[in-house]
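Written out below as structure tokens is the structure these notes cover.
Read-outs throughout are calculated quantities, based only on the coordinates presented, and are distinct from any laboratory measurement. All of these numbers come straight from a predicted model, not from anything done at the bench. Cβ coordinates were reconstructed from backbone atoms using ideal geometry, including for glycine residues, and neighbour counts include every protein chain displayed.
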Amino acid sequence: MSFYSVHFSYLLFLFSLVTTVCGSDPVPDDKQTLQFFEAKVRPLLAEHCFQCHGTKKQNGGLRLDSRAAMLAGGEAGPAIIPHDPAESLLIEAIHYESLEMPPDQKLSSGQIQILTEWVQSGAPWPGSSEVALVPRQHGLEITDEDRNFWAFRPIARHPVPNVPDVTWDDQAIDGFIYRRLLSEGLNPSPQATPRELIRRTYFNLLGLPPTPDEVTQFEEAFIRNPLSSLGELIETLLASQHYGERWGRHWLDVVRFAQTDGYERDGEKEFSWRYRDYVIQAFNADKPYDQFILEQLAGDELPEVTFDSIIATGFYRIGVWDDEPDVKAAAIYDNLDDIIRTTSEAFLGLTIGCARCHDHKFDPLPQADYYRLQAFFKNITPVGTDQSETHWKTNPAAIYTPLIDQQVITQWEVTQGELQSQLAQLQARQENADEEAKKRLDEQITEIETKLKSPSYPQALSVREKGPHVEDTFILVRGNHLTKGKQVEPQFLSVLGSEKANIQPISSGGDYRDLLRNQGVQPTSGRRLALAQWIASPDNPMTARVLVNRIWHFHFGHGIVATPSDFGRTGQPPSHPELLDWLASELIDHDWSIKHIHRLILQSNTYRQSSRQNLDDHHSQTKDPGNTLLWRQHLRRLDAESIRDAILSVSGKLNPEMGGRGIFPKLSTGVLASQSRPGNGWLQDQSEIQRARRSVYIFSKRTLGVPLMESLDAPTPDKPEPSRQTTTIAPQALILLNSEFMDWQTEAFAKRIAAEAGGDFSNRLSRAYRLAFGRYPTEQETAISSEFIKRQESQWASLESLNKDEVGDRAFIEFCRILFNMNEFIYID
Amino acid sequence: MLEKLLSPLARQGTPNHPHCAGSRREFLWQLGAGFGGLALTDILDRDGYFPPRAEAATNVTEHPLMTRAPDFRPKAKRVIFLFMYGGPSQMDSWDYKPELQEHHGKTVEIQTRRRKKKTQTILGSQRHFERYGESGLWGADCFPHINQQLDEICLVKSLYADTFAHGSAMIQMNSGRIIQGHPTIGSWLGYGLGSENENLPGYVVMVDPRGGPIAGAANWSSGFMPAAYQGTHLRNKGEPILDLKPKSGITRSMQRDLVDTLAMLNEQHRKTRPGYSELPARIASYELAFQLQMSAPEVMDLATETQATLNMYGILDPAPEETGCVGPEPFGRQCLIARRLVERGVRYVQIYSGGGHGDQNWDAHGDIEKNLRIHAPEIDKPIAGLIKDLKQRGLLEETLIVWGGEFGRQSVAQNGGKGRDHNPLGFLYWMAGGGVKGGHSHGETDPLGHEATVNRHHIRDLHATILHLMGLDHEKLTYFYGGLKHKLTGVREARVIHDLIA
């Protein structure tokens, strides 16, 4: 543990001392200093350091047994900077400030002084030559080769390749895909059937299955005119409210959306749901992606601030937040780190978070770039303020912005006036009141005071700045908040040109912003707007590429770049770089319309291919077993939300209500028992109708997941998640067979079938298959199903005193359970 | 078989991107189902489910828990982590400090919360200490049964951690990081070694009957790893595993029929979709789930245990007359279940002593004596019983028991009272079995027991040691996420504490 305050004053004292002793003479070779080295320094190093940093072992890639080795340093950089103990890692480490060396026991203060003095005097080492001792350049040099890495090159619109196959020549995307297949000798697959196509498109765009009628109609229309019927289908689905619920969910993964803080109290982030609703609406409205970026990063700094743009800045507030950090000064940087990582991964596809403590190990992202990026966010008011010794209480003035217009203000002022006069009256009455009356009045006064404190208008979880003046930003050596390095200014990434940001403080932004200013909302620095504009620019090579790749990823199950949030060297290179660029140009040229990209992809032959594998096509199977080049579609398991939503939809229970705080699926007492306060923060008594809403509205609580969702690979929302895992584990089967939710849903499904198909068994069976899979059962399936139901009926009959109808119902419910559990239900062709 | 599965995937990533292609292990987890990946693969292979080429034709993660070889010969095969939630006191248990007792009531300037030095009153331990066993390790009289086992126990008295707050300290003890969102120890072991039992989860957590620890399930989260690596909460009451059995009233034979019919219908579907190994894997997962309905209750069912065994764990003992004390029965039962779990090859079992808030757990702010009166008898006989029982069954050698909390407690009275505040500056853990030295003590705190001074170890060293005993190199066990190879021990250098190892 470090007692930093003690060390710091001690160091200051020591430095002044050393300076007076050694003066500023940089030449370290006089006899006296060398003697000092042999007598004091070398034995000390030999006893405490060489064992792990010498000839035998080089922990952390570091040797300390020569001056050259110290200067060359290890993984963390040079161990010493001659004449500069304050910047020397060795000295930092022996003070136990960042590293703690030697690890077994701290050196005595006398020993620390010896090494400090030695570094201060230039670290003289007998026999060493200055020539070889040039310290490695601080900061990473960015080369032309770095700039020429595919992801950093400007987006180039390549001509669409011609396709010799006439059936594949109508969509541009196909040209790129087909040419590559041709060159690799791979055979594209035949088209999917209309039924497969409509189910694929429905689940892909809405996360819901089509109704039996929709399937039939589409099948008929498709036979008449495949392209126009498909085009119409796509337009219908893109216009559905459910589209935003599906694709908004993808975005919520990428930005680590959740509605609580995490940690011990896991408090609710009030109004965070507005951000979720904003995202859904943005997708539904096909909000231009550049606007979407500007609003989330700088919605409070735009020329025209709107309710939406303020709500969008909730982006900054939805991450993990420790309300009781051990070291608040460090926690501020952890919060900024969460923002930096999320911003760079989500929008830029870069893992700049790796450069917090040192230059990025693989990408041309120097540590300075991390802090230059941090400077853009430096003025965001931390989520809380120090109101108690250990806890960071939420400070409403720092994070909530009222959603108000002049009318609301006027109304509130009137209410305020009324309340205040009531208050004055009560206070006057209190003066002459007896004890008992006083108590009553006290209660009334408190009530009014509470009302005055909590205005009745709606609010948004949002970003606030402290005013136009921004604290300086420093590189933190090894990421440690206590070791400040060079000062940096807000500046864009070096490898992408590194221009200095043009930053203007912002105090106005339309009527709403003026209103907010009158309500005490401070002007802002304008830094985030500059950053947002740089990211949302057609000239930024990352932004459009990263987005179209995400869209591609969710259409095909893997992206053109298989690592959607990492376009650096640790990520994968694009399988079709020219196609990626072509799509990116299309996005930019069509006003950053996401729906435009959907249309291009969904109408392509590539997308419409069958997912069935031809195992006799040995060449394709061995050449590209992972199907990276898309010689077929992928059979894909639905994600957790789509599985739950499909069940609700098929059972007929789905409640399409949108928006609001969210829904709280019923959790068993056993699940709640994992909490230190069982049931805390979870509504227990929501109505069944509310609980039948779509999964995107499930209240996202960081320390309490819904088992159905968790088991089906819904991610923990603590970190940005660019793609879902797909695991197959036994607990999924248990939950999908035995949970209360499934009991509820199978019963509803059975009732629905009975109501829609009447008493005839084969009608019921057909209806069930059509609802669940959009098709009729085969003869074999009919046989297997009816035999199962017969066996179950006879078992039920022997089990309880049920009448014939009840026995039939029970058996059919179990059959419905089978349908929900079938692979065909959750794997989409 | 394994290599055959691996090669196509490995080919995709390796040549140009050695660092991101990941370790062999990173590909293995993409291939292994749920409880018992190995067994599943065997089933599939036996049934000829895997066609000749297409095994790895998809990038889905089917067999995350396939059994995998350790880096080197392990000392321990399984871990039972006894987590004293709230932070147990070192100076009232096995870090005997005569000077602390001697100076009881005097004032001292001491670091209480981080960087805050305050003049405080020394609170000497009221416990009586004696030497036990051949090793002569000191023990406090509130743990009479565990003290009898001190010759099996290896004390580490000089640990320190980074935070004074329960929330982040719990997360750090379990995941190595104070920031939420990283995989926990059991997840790393599942990822590194896979599971040995096809019918039981590889990572099991049991919580106190009074409630879970703060931050709840975040303590056994798999963080950014797949959900298959998260801890499974084994419940004391009702169903041991969530949704284990049908509630609709159908019998086991009826559900057998259901699962068989489901498999038949799924088979119709699979036949027309060759080449997708995830389809047979999911079919098999239903069979595993069906088996689990028998194997999970069987583990929980103590009816086959003898009276003597139950007695050894304190399960038959009444609760002492102390308000808030639930007696040794619940924890004893969990310790015995833990033995039954490790007998069946479960890799990592974690039991929480203490739940909820305040004196419901080891968080002795108000009165250390009262807190000890509540919790010491709850764990003393059960833990001693567990050690004895594992030993007599020959299981102790390969089962590592780990005992400790999220931090320790201070040597001074909190606010002049009788309680002790949190203390991450110095605290003790002990381990037993699993290749550690018995009757051994490592490291020292200062004379007041407040801060680790001799052979200090950050808890990342404890984590590295646990992995090492399990045959894993903490430097090599990495998981690639967000552009970085993550380790349980983080980016700072961690050292295996070799002095603990027999």
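Note the full-extension length gain between A:F50 and A:N395 as 0.36 nm times their separation in residues minus their Cα-Cα distance, in nm to one decimal.
119.1 nm
Using amide H atoms built 1.01 Å from N in the peptide plane, name the residues 5+ places from A:F474, or on other chains, whose amide H lies under 5 Å from its own.
Long-range HN contacts for A:F474: A:V488.
For the stretch B:282-329, report the % of Cα-Cα distances exceeding 18 Å. Don't jump to the answer; show the numbers that get you there.
Working: 623 of 1128 pairs.
Every Cα pair in the stretch B:282-329 considered, those over 18 Å come to 55 percent.
For a quick check: sort A:H618, A:H53 by the number of other beta carbons within 10 angstrom, fewest at the front.
Final ranking by Cβ density, sparse to dense: A:H618, A:H53.
Can you pull the three principal axis extents for the Cα set of the stretch A:33-86, in Å, largest first?
Ordered largest first, the stretch A:33-86 gives principal extents of 30, 25, 17 Å.
Taking just the alpha carbons, could you work out the radius of gyration and Dmax for the stretch B:221-279, both in angstroms?
Considering the stretch B:221-279 through its Cα atoms, Rg and Dmax are 16.6, 44 Å.
Can you show me the helix-derived [θ] at 222 nm for the protein assembly as shown, built from DSSP H runs with n ≥ 4 at -39,500 (n - 2.57) apiece and divided by the number of residues, rounded to the nearest 500.
-13000 deg cm²/dmol
Through the Karplus equation 6.51 cos²θ - 1.76 cosθ + 1.60, θ set to phi - 60°, convert the phi angles of the stretch B:472-485 into ³J(HN,Hα) values in whole Hz; use x for Gly and Pro.
Running phi through 6.51 cos²θ - 1.76 cosθ + 1.60 with θ = phi - 60° gives 10, 8, 4, 7, 9, 7, 10, 9, 7, 8, x, x, 9, 7 Hz.
Per-residue mean of other chain beta-carbon atoms within 10 angstrom of the beta-carbon, peptide A:712-724?
4
Hey, rough spin-label estimate for A:E435 and A:S786, points 7 angstrom out along Cα→Cβ, what's it come to in nanometres?
Going from the A:E435 label point to the A:S786 one covers 8.6 nm.
At a threshold of 8 angstrom on Cα-Cα distance, excluding pairs fewer than six apart, so keeping six or more, what relative contact order does the stretch A:179-281 reach in percent?
21 percent
Anything in chain A that counts as a DSSP H helix reaching 24 Å or more along its axis (C-alpha) with Kyte-Doolittle mean of at least -1.0? List them, would you? Kindly include the intermediate steps, with their values, before the conclusion.
Numbers: long enough: A:4-22 (26 Å, 1.53); A:406-431 (38 Å, -0.85); A:435-453 (27 Å, -1.45); A:740-757 (25 Å, -0.36); A:779-799 (30 Å, -0.88); A:804-821 (26 Å, -0.06).
Once both thresholds are applied, what remains is A:4-22, A:406-431, A:740-757, A:779-799, A:804-821.
Are any of the pairs A:K287/A:K500; A:K790/B:K271; B:K157/B:K437; B:K237/B:K388; A:K328/A:K701 more than 20 Å apart by Cα-Cα distance, and if so, which?
A:K287/A:K500; A:K790/B:K271; B:K237/B:K388; A:K328/A:K701
With only Lys, Arg, Asp and Glu charged, each at its Cβ (+1 for the first two, -1 for the last two), find how big the charge dipole of the stretch A:740-828 is about the Cα centre; round to the nearest 20 debye.
So the magnitude is around 240 debye.
Expressed in nm², what is the orientationally averaged projection area of the convex hull enclosing the Cα positions of chain A?
So the Cα hull casts an average projection of 48.7 nm².
To the nearest 0.05, what FRET efficiency results for A:A424 and A:I689 with a Förster distance of 60 Å applied to their C-beta separation?
Values: r = 46 Å, r/R0 = 0.77.
Approximately 0.85, to the nearest 0.05.
Out of all Cα-Cα pairs in chain B, roughly what percent, to the nearest whole number, are more than 43 Å apart? Intermediate results must be reported in sequence, preceding the final value.
On the way: 24222 of 125751 pairs.
When every Cα pair of chain B is considered, 19 percent fall beyond 43 Å.
Once amide H atoms are placed 1.01 Å from N in the peptide plane, what residues at a sequence separation of 5 or more from A:I663, or on another chain, have their amide H within under 5 Å of its amide H?
A:I698, A:F699
Applying the Karplus parametrisation 6.51 cos²θ - 1.76 cosθ + 1.60 with θ = phi - 60° to the phi angles of the stretch A:679-688, what ³J(HN,Hα) value in whole Hz is obtained for each residue in order, glycine and proline being reported as x?
In residue order, the calculated couplings are x, 4, x, 10, 5, 9, 10, 5, 6, 4 Hz.
What Rg and what Dmax come out for the stretch B:111-239 when only alpha-carbon atoms are used, in angstroms?
Radius of gyration, then largest Cα-Cα span, for the stretch B:111-239: 19.1, 57 Å.
Sorting B:C325, B:C154 on the 10 Å Cβ count, fewest up front, what's the list?
In increasing order of surrounding Cβ atoms, one gets B:C325, B:C154.
Give me the tail of P(r) for the stretch A:405-455 as a percent: Cα-Cα pairs with distance above 12 Å.
64 percent
DSSP beta bridges in the protein assembly as shown, what fraction antiparallel, as a percent rounded to 5?
On the way: 47 of 74 bridges.
Taking every DSSP beta bridge with both residues in the protein assembly as shown, the antiparallel ones total about 65 percent.
Averaging the inverse of every distinct alpha carbon separation and then flipping it gives the Kirkwood radius. What is it for the stretch B:282-437, in angstrom units?
17.5 Å
Only Cα pairs under 8 Å and at least 6 apart count here; give the relative contact order of the stretch B:321-451 as a rounded whole percent.
24 percent
Starting with the highest mean, order B:471-481, A:750-760 by the number of other Cβ atoms within 10 Å, averaged over the residues of each peptide. Before the final figure, lay out each step's value.
Values: B:471-481: 19.5, A:750-760: 15.8.
For the peptides B:471-481, A:750-760, the packing ranking is B:471-481, A:750-760.
What FRET efficiency do you get for A:H158 and B:A502 if R0 is 41 Å and r is their Cβ-Cβ distance, rounded to the nearest 0.05?
0.05
What ranking, highest mean first, results for peptides B:173-181, A:190-198 when packing means the other Cβ atoms within 10 Å averaged over each residue? Working shown, then result.
Details: B:173-181: 24.3, A:190-198: 19.1.
For the peptides B:173-181, A:190-198, the packing ranking is B:173-181, A:190-198.
Taking 0.36 nm per residue of sequence separation and subtracting the Cα-Cα distance, how much length would be gained by fully extending the chain between B:F72 and B:R252, in nm to one decimal?
Stretched fully, the B:F72-B:R252 segment lengthens by 60.5 nm.
Counting only other chains, and only Cβ atoms inside 10 Å, what mean value do you get across the residues of A:567-578?
Mean shielding count: 2.
Long-range amide H contacts for A:Q459: which residues qualify at under 5 Å (H placed 1.01 Å from N, peptide plane, sequence gap of 5 or more or a different chain)?
For A:Q459, the qualifying residues are A:L403.
Efficiency by 1/(1 + (r/R0)^6): what FRET value for A:R599 and A:K484, r their Cβ-Cβ distance, R0 = 51 Å, to the nearest 0.05? Before the final figure, lay out the partial values.
Working: r = 51 Å, r/R0 = 1.00.
So the FRET efficiency works out to roughly 0.50.
Between the alpha-carbon centers of the stretch B:79-115 and the stretch A:412-435, tell me the distance in whole angstrom.
Cα centroid to Cα centroid, the span is 53 Å.
Which whole number in µm²/s is D for the stretch A:740-828 by Stokes-Einstein, with the Kirkwood Rh taken over Cα pairs at 10 °C and 1.306 mPa s?
Translational D for this selection: 120 µm²/s.
Arrange A:S723, A:S786 by Cβ neighbour counts within 10 Å, fewest through most, would you?
If I rank by nearby Cβ atoms, fewest first, I get A:S786, A:S723.
For the residue pair A:E657 and A:L182, what label-to-label distance in nm results when each label sits 7 Å from Cα along the Cα-to-beta-carbon direction?
5.6 nm
From the backbone phi of the stretch B:296-309, what are the Karplus-calculated ³J(HN,Hα) couplings (6.51 cos²θ - 1.76 cosθ + 1.60, θ = phi - 60°) in whole Hz, Gly and Pro given as x?
Those phi angles translate into 5, x, 4, 5, 6, 7, 8, 5, 7, 7, 6, 4, 4, 5 Hz.
Could you work out the relative contact order of the stretch A:268-404, using alpha carbon pairs under 8 angstrom and six or more residues apart, expressed as a whole percent?
RCO, the stretch A:268-404: 17 percent.
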